[in-house]
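Working notes, structure below.
Computed from the coordinates by the stated procedures, all read-outs in this text should not be read as laboratory data. Quick caveat: nothing in here was measured; it's all calculated off a predicted structure. Here the Cβ positions follow ideal geometry from the backbone for every residue, glycine too, while neighbour counts run over all protein chains shown.
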Amino acid sequence: MRFKGLGPEWFPVVLGTLALSLATYILYLVFDYYILFIIGKIIFYIVVIFYLFVLFSWAYRYIKNPKLIKDDFNNITSLSFTAFLGVLYFALAFFYIAYIGFNEMVAQIFLYLYIFFYIFVFIINVTLNYNLYTNRYKFNSITYASLVPTVVLSANIILSSTLLIKPESSYYTSGILDLLYFMVMIALGISFFQFLFIGISAFISHINNDNYNIRPATMIPVGASSMLIINIAFLPLFNYIKLFHVPEYIAVDISMLFFGFDLFIFSVAAIIAVTHIKKRQEMTIWAYVFPLGISTFAYYMLYDLTKIYAFAYAIIIFTLALFTFYIYSWINTYKILKYKK
């Protein structure tokens, strides 16, 4: 069978693999075992190669069959998953800084790419909402997967937080730092309300849909709420810019509200996964994976702010769940590929 390229459903696979590096790196920050840093770095290099393969395969698919561009535009899941390109850049750039380093040339390149991918994801969000408002999609096609663009837009914090905090921020002028902070706040506002509007619609659609294959996406709100925690928890660290001012105690209080919701949704999604473990899966199975990596980051932020050791235990639990779901997802992906042959 001739290779036809890979669709956007493979971007979550790359992100799920990168989530292993994130979780391992977070464990290193919490428990200070250097071997965890080395493992995370090795996974990062593997992900870079994997990402390039998927990216070129994705582009090859459209070159081979240009009609698929229109098909994916009109498919709510395919369009949503295209936004993963943004979060993959934010995360890969973050790990480049963490594992390799930073200098003035890298700072300028990362800034321009950050703005490009921010605008790219913003356009995906606008397009998705335009299609929703003009009734291009059937109601039962609206799932939690539709939340991906809003999760990705708020995920700019993964990279922007690094660019806004010293020593990296020393490479930018005060005007650039103001712009970055402004973009963070805009994305946070958009993401919060999109999370509510699309999330509620997706919930109603889910409970009226008998298709199990969409249910792994129940884990996506975990990633969405965790990303909001990360955004809010970082805001007090940017007070030195003197553009907006968020007291630390307010950030902690609001983050705790989302933490409770996070645990609740994770419990529901985990029970769904366990009780339906024998059912035949589709590529949506990867929705069980990458949100857990985001959660480990969020809980590290809460641990760093509060020093409450319960968050350290939560990081361990979510990391174990992440690796378990990762193995489970690859087993099912192998079956899917074998079945297609």
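Can you sort 245, 206 so the residue with the fewest Cβ neighbours within 10 Å comes first? Let's see the in-between values first.
Numbers: 245 11, 206 17.
Taking fewest neighbouring Cβ atoms as first place, the list is 245, 206.
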Quiz item: Taking the Cα centre of each part, how many Å lie between the range 161-192 and the range 120-145?
Solution: 27 Å
Quiz item: Given the alpha-carbon gyration tensor of the chain, what are the semi-axes of its equivalent ellipsoid in whole angstrom, ordered largest first, with each equal to the square root of 5 times an eigenvalue?
Solution: 30, 23, 22
Quiz item: Rounded to whole Å and sorted largest first, what semi-axes of the equivalent ellipsoid does the C-alpha gyration tensor of the range 286-341 yield via the square root of 5 times each eigenvalue?
Solution: 32, 9, 4
Practice problem: Considering the options 241, 308, 118, tell which one lies farthest towards the positive end of the dipole of the chain, charges being +1 on Lys and Arg and -1 on Asp and Glu at the Cβ, about the Cα centre. | Solution: 118
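Quick one: length gained pulling residue 55 to residue 280 fully straight, 0.36 nm per residue minus the C-alpha distance? Show your work: numbers first, answer last.
Values: separation 225, 0.36 × 225 = 81.00 nm, distance 2.70 nm.
Full-extension gain reported as 78.3 nm.
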Quiz item: Any idea how far the Cα center of the range 47-69 sits from the one of the range 293-341, in Å?
Solution: 26 Å
Exercise. Quick one: dipole size for the chain, taken about the Cα centre, charges +1 on Lys/Arg Cβ and -1 on Asp/Glu Cβ, in debye to the nearest 20.
Key: 1520 debye
Quiz item: Of 67/138; 41/279; 64/279; 64/278, which ones are farther than 28 Å apart at the Cα?
Solution: 41/279; 64/279; 64/278
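Can you list which of the trypsin sites (Lys or Arg not before Pro) found in the range 1-89 are DSSP loop residues with at most 10 other C-beta atoms within 10 Å?
Values: sites: 2, 4, 41, 61, 64, 67, 70; in loops: 2, 4.
For trypsin sites (Lys or Arg not before Pro) across the range 1-89 that sit outside H, G, I, E and B with at most 10 neighbouring Cβ atoms in 10 Å, the list reads 2.
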